[in-house]
Amino acid sequence: MDIFFADYGTILIVTAAIVGFVMAWGIGANDVANAMGTSVGSKALTIKQAIMIAMVFEFAGAYLAGGEVTSTIRKGIIDAAYFVDAPDLLVFGMISALLAAGIWLAVASYLGWPVSTTHSIVGAIVGFAAVGVSMDSVAWGKVGGIVGSWIITPAISGFIAYLIFQSAQKLIFDTDKPFDNAKRFVPFYMGLAGFVMALVTIKKGLKHVGLEIPAAEGYYIAIGLAVLVGLLGRVAISRVKYDPKADKKTHYANVEKIFAILMVVTACCMAFAHGSNDVANAIGPLAAVVSVVESGGEIAKKAPLVWWILPLGGLGIVAGLALFGHRVIKTIGKGITHLTPSRGFAAELAAACTVVIASGTGLPISTTQTLVGAVLGVGMARGIAALNLGVVRNIVVSWVVTLPAGAGLSILFFFTIKGIFAA
C-alpha cells in the first residue's frame, strides 16, 4: 500500500486540493447567505456591501478560528475501521465526496436554492461508503439524526423568531409613541443580541483556535458583554434626535434605522462563526486525504492541518461568495417574505439562538435551515399570506434532494476514480 501512495501521492494531494477548493467555493456561494441574506432583504445593506463584509468576516473566521486539527471523518458518519486495510478507498471516497458536494452546491446556488452544505458533504460521504465499501460502514443512526434535524431546527428557530418579532410589535411598533418605546426597549434587544453573539463566537468560533473556555466562564463573559452592549446601546439611542410632533410613519422609519444597525452587527458575528465552523466541511475530507497519503496509508482519528489547507478553504469561500453569493442572498432576503430591518433582526437573532441551543445539546444543525425557519417564523407572524409559498416549496424540495444528490454524484465519481487508478 505504501508503494501506491509513494507512486501517486502527489497526484492525489493536488486533486484533493482542487476539489477541496471547489467545495469551499460551493460553501461560499450557498451558505454565506445565512449571515447576509436578511440584511440585504431588509435593505440594511446593499448586496455589494454585504458581500464585502462577508468576505472579511468569513475569511477571518475560516483562517483565524478554523482550527489546527480537524476530524478526518466529519461527525462520525462512517466507521474508519472498514478502511484500515484499504486506505486508498478512503482517499478516493473523500475526493469523490468533495467533488460531488461541491458540484451540487454550485448547481443549487445557480438556481438560488439555499441548501445545507453540511448535508451535502454528509450525503456524499454516506453514498461512497455505503455503495463502494459496505452498508455497515455507515453510522445510520447519525444519518437519521441529521434527517430529523430538517424538521426540528427550522421549527425551533421559527418559533423563537415569531416570539422576538411579536414582542417588538407589542412593545414598540403597536404603541402610540414607537420611538419613545424603542429608546426604552431596544437596549434590551441589543443586550440579548450581545449575549447570544458572544456565545456563538465562544462556542462556534474560539473553540477551533484551541481556546477552550469552560461553559460557566463562557456564560459569564457573554452576560458581561450583554450588559456592556445594552448600556452602550442606551447611551447611543438617547443621543438620537427626533421630532416628537412627526407622524408615526417617520417614527417607524427611525426605529427601523436602529434595528438596521443591530442587524449589521449580528450579521458580522454570524459570518465569523459560520466561517470558523463550516470551513471544516471542505477542509476535513481534504485533511484526511493529506494525512493518509503522507503517513503512507495510516488513518488517524484527527488530522493536523498542513499550513496551506486553511487559507485554501478561506479563499474558496470568498471566491464562491463573490461570484454566486448574490443568488441565494436574494432568495433568503427577498423571496420568502417581505423583510424590514426589525423583521430581519428577529430572524437573525433567532437563528443565532438556535445555533447556541444546538451546540449546547449536540443537535445536528444546518445554519441554512435554521435561518430559513426563522424567516418563515417572521413571515408567519404576519399571516400565511405574507409568505411566498412557491419559493418555500422549492426550498423544501431542495432540502430533501440534497442528501440523495450528494450521494448519487459521489458514487459515480468514486467508481470513476477507482477505475482510473485500478487501470
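What follows is calculated from the coordinates using simple rules that are stated; it is not laboratory data. It should be emphasised that the depicted structure is a prediction, and the values quoted were computed from it without experimental measurement. Cβ placement follows ideal geometry from the backbone for every residue including glycine, while neighbour counts extend to all protein chains displayed.
Sort Ile152, Ile3 by Cβ crowding within 10 Å, fewest neighbours at the top. Working shown, then result.
Numbers: Ile152 17, Ile3 9.
So the ranking, lowest neighbour count to highest, is Ile3, Ile152.
Between the listed residues Phe345, Thr10, Ala155, the Cα displaced farthest toward the positive end of the dipole of the chain, a dipole computed from Cβ unit charges relative to the Cα centre, is found at Phe345. Here the Debye sum runs over all C-alpha atoms of the chain as equal scatterers in vacuum, and log10 of I(q)/I(0) at q = 0.06 Å⁻¹ comes out as -0.25. Computing FRET efficiency as 1/(1 + (r/R0)^6) for Arg234 and His338, where r is the C-beta to C-beta distance and R0 is 35 Å, gives about 0.70. Cross-linked pairs Lys48/Lys177; Lys177/Lys203; Lys48/Lys183; Lys43/Lys248; Lys183/Lys203; Lys249/Lys334: Cα-Cα separations exceed 29 Å for Lys48/Lys177; Lys177/Lys203; Lys48/Lys183; Lys183/Lys203.
Here's the list of lysines a cross-link from Lys142 could span, going by alpha-carbon distance under 16 Å and ignoring same-chain residues fewer than 8 apart: Lys75.
Quick one: length gained pulling Val401 to Tyr110 fully straight, 0.36 nm per residue minus the C-alpha distance? Don't jump to the answer; show the numbers that get you there.
Numbers: separation 291, 0.36 × 291 = 104.76 nm, distance 1.55 nm.
That works out to 103.2 nm of additional length.
Selection among Leu231, Ile202, Val255 by position relative to the dipole of the stretch 149-273 gives Val255 as farthest towards the positive end (Cβ unit charges, Cα centre). Mean residue ellipticity at 222 nm, helices only, the chain: -25500 deg cm²/dmol; runs of at least 4 DSSP H residues each add -39,500 (n - 2.57), and the sum is divided by the number of residues.
Positive contributions from Lys and Arg (+1) and negative ones from Asp and Glu (-1), summed over other residues with Cβ under 15 Å from the Cβ of Gly379, come out at +3.
Under the combined filter of DSSP loop state and at most 11 neighbouring Cβ atoms within 10 Å, the stretch 240-279 retains none of its chymotrypsin sites (Phe, Trp or Tyr not before Pro). For the peptides 183-196, 118-131, 28-41, the ranking by mean Cβ contacts within 10 Å, running from highest to lowest, is 28-41, 118-131, 183-196.
Once you list every other residue whose beta carbon is under 14 Å from the beta carbon of Asp180, what net charge do they have if Lys and Arg are +1 and Asp and Glu are -1? With Lys, Arg at +1 and Asp, Glu at -1, the net is +4. Between Phe179, Thr416, Ile121, the Cα set farthest toward the positive side of the dipole of the stretch 2-422 (charges on each charged residue's Cβ, about the Cα centre) is that of Phe179.
Put a plus charge on the Cβ of each Lys and Arg, a minus charge on the Cβ of each Asp and Glu, and nothing anywhere else: the dipole of the chain about its Cα centre is then about 1960 debye.
Going through the stretch 208-259, which trypsin sites (Lys or Arg not before Pro) have at most 15 other Cβ atoms within 10 Å and a DSSP loop state? Walk me through the intermediate numbers first.
Details: sites: Arg234, Arg239, Lys241, Lys245, Lys248, Lys249, Lys257; in loops: Arg239, Lys241, Lys245.
Answer in residue order: Arg239, Lys241, Lys245.
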